[in-house]
Amino acid sequence: MLRHLRALAVAVCVGLTFAACGSSGSAVPASEPADTITVQTNTGELSVPVNPQRVVALDNTSFETLLEFGVTPVAVPKQLLPDSLAAWADDPEIIDVGTHREPRLEEINAANPDLIIGGKRFAEYTQTLSSIAPVLDLAPNVEATGYLDGLKHQTTVLGEVFGAQSAAERLNAELDDAAAEASALTNGQTVFLANHNGGKIDNGAGRMAPLIEPLQMTDVFASNRGGSDSVHNDSGLAPETVAQANPDWVFVLDRDAAVGNGGSPARATIEAQELWRTTTFATKAQVLYLDNGFYVTEGISAYTAFYQQLAAALRGAA
Amino acid sequence: MKSALPAAVWPATAVALGGLVLASLFVGGYDLTPWGVLSDPAQAEVWWISRVPRTLALIFAAMAMTISGVIMQMITQNKFVEPTTAGTSEWAGLGVLAMLLVAPDAPPLAKMAVASLFAFAGTMVFLAVLRRVGVTGSVIVPLVGIMLGAVVGALATFLAGRFNLLQAMSAWRSGGFSSIVRGFYEPLWAVLGVAVITWIAADRFSVAGMGREVATNVGLDYNRTVLLGTTLVALSTGITSVVVGFIPFLGLIVPNLVSMLRGDDLRANLPLVAIVGAGLLLVCDLIGRVVVAPMEIPASVVMGVIGGAGFIVMVVSQRERISA
């Protein structure tokens, strides 16, 4: 029933969008017609303006990269911003477009954008948004290119669009260097990708598998039942199953902490687990807690920071 | 009105339950053998920390839901009412959510108290609506309950969406038993107390089940009995909701199955209801442990499939037989 309601809400929003189109199309003059370039996106080749002035940023993986390039969007989903982008959240000039569950499409239209950086959580609205402005979907796609190559492609293209090619090259090189450094320190260690949600530790492979793409590490619960989107990747997991698998390392994504649910942090949950006291990861203290911003952005800077954190931890363990 | 096979029922169910308990004690993510549990301290530790609590939690939760079902069926004089078809579980869930919002660090006992209070209030609302609307149809009554539950559930979902708790809530709702270890299930022992009180008061509930007029005529304080029943149901549902989430339909199909076999003698049926309920929930959890190993499907999901089918079969086939 909720889905129907949501569909209805979207229909109403879309209706409002078109209504707004008709009435206020010329309220804010769009910037001068600029040069355009053609780029490869998740939705095929797309012609986009170079150096667009009015940008709506929806894809959370792009936020920190845009900040790095000195781009200030005119509208963002403020509830989905990491702490590092509090400046955008606090800026009254930047319009809040709501979340992917309840996007305010009419606000996006009112922002009169030249370019919308969409996809990822907002992928289902791409078609609707395309009637407002070109929608650039560069969200990393595990199936198509692998996540890390997707991040680098996204950074390269955004660099071209915003004339920040050298900054883009630097970000890509930093990711490559950090990943290579961490990878060189791995030699087949086993790892459990843990998601802490609702005070419970579950298998987080569905979301976290890209982390070990460049590493010589094995996920103890690597899916052998279909692709990375298999529903069982995030099913329940008994603590004793983790004890049986006895991984060398645990990478923990603390969703509760990332979205500010309160409750005890993942560290408390893990350390309180009697069954894990004798496991390799517990006795050697090889548990890596991802930065809270990681869950929120999953962008290139977050991955680079993770590999740097991992490399330091691996050096400490060696 | 005993059935033709009372003598065979007891040993058969006892053996079946014993087998399921053994299976639950030795099937799971950690490799355990009976000999290993006795000789290897590592195996013994996992057995005591994980397997024994989980099996006990399954038995207690099943008792809580089936006994709640029995009491509610008596109070409402309807065979299709139980905590998940009367909205009681959804109210308990709203209570859990309220605690997540207001006091996420509160101790489990406080969460249970609030969940039980919400469950109590919700059940009273359900009974009041039934009385006000005056519906008695065997299928209409649970429909009213399911609708009330859906409204409360929608409110909970809305609040959870507002405060970014949707995923936390769904993790808790379909929580199941996979994360049950020593230190997390102990409040469920209270269900034993609820069971004993229910057994003692069984005859009152049986009389109340004949309706307000009959009950009052034979000298029973009807309102007090309803209040006692609602309290017991709220306690069971509140505690179970906090510890293991929702378990749909269990309180519906088991009491009906037992009374089809043995008639409606509540006191005599109660132990059998608890045993069959525990067995059924153990089966569901064992299926959930095995089919996608090493991951697990929550017992409540398996129960939803089996129980949903059972509910439909009962509604269709019992319509003419159950007149209440």
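Residue A:17: assigned by TED's automatic domain parsing to the domain that holds residue A:118 and either part of a helix (DSSP H, G or I) or at pLDDT 95 or above (or both), yes or no? When the stated conditions are applied, residue A:17 passes them.
Among the candidates B:143, B:97, B:127, single out the residue that is without any contact (Cβ under 8 Å) to a residue 60 or more places away in the chain and part of a helix (DSSP H, G or I). Explain how you work it out, then say what you get.
Details: B:97 fails: without any contact (Cβ under 8 Å) to a residue 60 or more places away in the chain; B:127 fails: without any contact (Cβ under 8 Å) to a residue 60 or more places away in the chain.
Residue meeting the stated conditions: B:143.
Every condition in (1) in a loop (DSSP other than H, G, I, E, B); (2) over 24 Å from residue B:73 (Cα atoms) is met by residue B:135 except one, and the failing one is (2).
With respect to residue B:37, is the statement that it is assigned to a helix (DSSP H, G or I) and within 14 Å of chain A (Cβ to nearest Cβ) true? Here the answer is yes, as residue B:37 does meet what is asked.
Matching residues to (1) at pLDDT below 90; (2) over 26 Å from residue A:148 (Cα atoms); (3) part of a loop (DSSP other than H, G, I, E, B):
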{"site": "A:214", "(1), (2), (3)": "no, no, yes"}
{"site": "A:221", "(1), (2), (3)": "yes, no, yes"}
{"site": "A:224", "(1), (2), (3)": "yes, no, yes"}
{"site": "A:227", "(1), (2), (3)": "yes, no, yes"}
{"site": "A:233", "(1), (2), (3)": "yes, no, no"}
{"site": "A:240", "(1), (2), (3)": "no, yes, no"}
{"site": "A:250", "(1), (2), (3)": "no, no, no"}
{"site": "A:261", "(1), (2), (3)": "yes, yes, yes"}
{"site": "A:285", "(1), (2), (3)": "no, yes, yes"}
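One line per residue, one yes/no per condition, for (1) among the β-branched types (Val, Ile, Thr); (2) within 17 Å of residue A:54 (Cα to Cα):
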| residue | (1), (2) |
| --- | --- |
| A:84 | no, no |
| A:113 | no, yes |
| A:130 | no, yes |
| A:135 | yes, yes |
| A:142 | yes, no |
| A:153 | no, no |
| A:161 | yes, yes |
| A:164 | no, yes |
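Residues in region B:168-202 that are within 9 Å of chain A (Cβ to nearest Cβ), surrounded by fewer than 17 Cβ atoms within 10 Å (Cβ to Cβ) and either in a helix (DSSP H, G or I) or in contact with an Asp or Glu (Cβ under 6 Å, 6 or more places away or on another chain) (or both): B:170 alone. Could you tell me which residue of region A:176-199 is modelled with the highest pLDDT, considering only residues that are within 14 Å of chain B (Cβ to nearest Cβ) and touching a Phe, Trp or Tyr at 6+ places or on another chain (Cβ under 6 Å)? That would be A:193.
Suppose we filter B:119, B:113 for residues that are on the phi < 0 side of the Ramachandran plot, out of contact with any Phe, Trp or Tyr (no Cβ under 6 Å at 6 or more places or on another chain) and away from every other protein chain (no Cβ under 13 Å); which single one remains?
Values: B:119 fails: out of contact with any Phe, Trp or Tyr (no Cβ under 6 Å at 6 or more places or on another chain).
Just a single option satisfies the conditions, and that option is B:113.
The rows are residues; the columns are (1) buried (at least 24 other Cβ atoms within 10 Å of the Cβ); (2) at pLDDT below 90; (3) in a helix (DSSP H, G or I).
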residue: B:230; (1), (2), (3): no, no, yes
residue: B:248; (1), (2), (3): no, yes, no
residue: B:251; (1), (2), (3): yes, no, yes
residue: B:274; (1), (2), (3): yes, no, yes
residue: B:277; (1), (2), (3): yes, no, yes
residue: B:286; (1), (2), (3): no, no, yes
residue: B:305; (1), (2), (3): no, no, yes
residue: B:316; (1), (2), (3): no, yes, yes
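Looking at this structure, is residue A:107 among the acidic types (Asp, Glu) and more than 21 Å from the chain's Cα centre (by Cα)? First the steps, then the outcome.
Values: among the acidic types (Asp, Glu): yes; more than 21 Å from the chain's Cα centre (by Cα): yes.
It is true that residue A:107 is among the acidic types (Asp, Glu) and more than 21 Å from the chain's Cα centre (by Cα).
Answer yes or no as to whether residue A:181 is touching a Ser or Thr at 6+ places or on another chain (Cβ under 7 Å), touching a residue at least 40 places away in the same chain (Cβ under 8 Å) and in a helix (DSSP H, G or I). Against the criterion (touching a Ser or Thr at 6+ places or on another chain (Cβ under 7 Å), touching a residue at least 40 places away in the same chain (Cβ under 8 Å) and in a helix (DSSP H, G or I)), residue A:181 does not qualify.
Sort through B:201, B:171, B:156 and tell me the only one that's closer than 22 Å to residue B:244 by Cβ and touching a residue at least 12 places away in the same chain (Cβ under 8 Å). Spell out how you get there, then give the answer.
Details: B:201 fails: closer than 22 Å to residue B:244 by Cβ; B:171 fails: touching a residue at least 12 places away in the same chain (Cβ under 8 Å).
Every option except B:156 fails the conditions.
Exactly one residue out of B:44, B:12, B:62, B:23 is part of a helix (DSSP H, G or I) and within 14 Å of chain A (Cβ to nearest Cβ), and it is B:44.
Of the set (1) within 21 Å of residue A:152 (Cα to Cα); (2) in contact with a strand residue (DSSP E or B) (Cβ under 6 Å, 6 or more places away or on another chain), all apply to residue A:309 but (2).
Going through region B:32-42 one residue at a time, which ones are within 31 Å of the chain's Cα centre (by Cα) and polar (S, T, N, Q)? Result: B:33, single match. Say whether the condition of being away from every other protein chain (no Cβ under 14 Å), surrounded by fewer than 22 Cβ atoms within 10 Å (Cβ to Cβ), modelled with pLDDT under 95 and touching a helix residue (DSSP H, G or I) at 6+ places or on another chain (Cβ under 9 Å) is met by at least one residue in region A:200-211. Yes, region A:200-211 has at least one match. Pairs needed: first member in region A:271-299, away from chain B (no Cβ under 14 Å); second member anywhere, among the small types (Gly, Ala, Ser) and in a helix (DSSP H, G or I); C-beta distance under 6 Å; at least 6 residues apart or different chains. Qualifying pairs under 6 Å: A:286/A:317; A:288/A:313; A:293/A:84; A:294/A:302.
Residue under question is residue B:71, and the condition is that it be buried (at least 24 other Cβ atoms within 10 Å of the Cβ) and either at pLDDT below 90 or in contact with a Leu (Cβ under 8 Å, 6 or more places away or on another chain) (or both); does it hold? Outline the logic, then answer.
Working: buried (at least 24 other Cβ atoms within 10 Å of the Cβ): yes; either at pLDDT below 90 or in contact with a Leu (Cβ under 8 Å, 6 or more places away or on another chain) (or both): yes.
Considered against the rule, which asks whether it is buried (at least 24 other Cβ atoms within 10 Å of the Cβ) and either at pLDDT below 90 or in contact with a Leu (Cβ under 8 Å, 6 or more places away or on another chain) (or both), residue B:71 comes out as yes.
All conditions in (1) within 14 Å of chain A (Cβ to nearest Cβ); (2) over 13 Å from the mean Cα position of the chain (by Cα); (3) modelled with pLDDT of 90 or more hold for residue B:29, with the sole exception of (3).
For residue B:55, indicate whether it is within 14 Å of chain A (Cβ to nearest Cβ), touching a helix residue (DSSP H, G or I) at 6+ places or on another chain (Cβ under 7 Å) and in contact (Cβ under 8 Å) with a residue 60 or more places away in the chain.
Working: within 14 Å of chain A (Cβ to nearest Cβ): yes; touching a helix residue (DSSP H, G or I) at 6+ places or on another chain (Cβ under 7 Å): yes; in contact (Cβ under 8 Å) with a residue 60 or more places away in the chain: yes.
Judged against the criteria, residue B:55 is a match.
For region B:70-77, does any single residue satisfy the condition of being more than 18 Å from the chain's Cα centre (by Cα), closer than 19 Å to residue B:22 by Cβ and not β-branched (Val, Ile, Thr)? Within region B:70-77, not a single residue is more than 18 Å from the chain's Cα centre (by Cα), closer than 19 Å to residue B:22 by Cβ and not β-branched (Val, Ile, Thr).
The values are calculated or read from the model by the stated rules, or taken from the named source; none is laboratory data. As the structure is a prediction and not an experimental result, all values here were calculated from the model. Every residue, glycine as well, gets a Cβ built from its backbone with ideal geometry; the counts of neighbours run over all protein chains shown.
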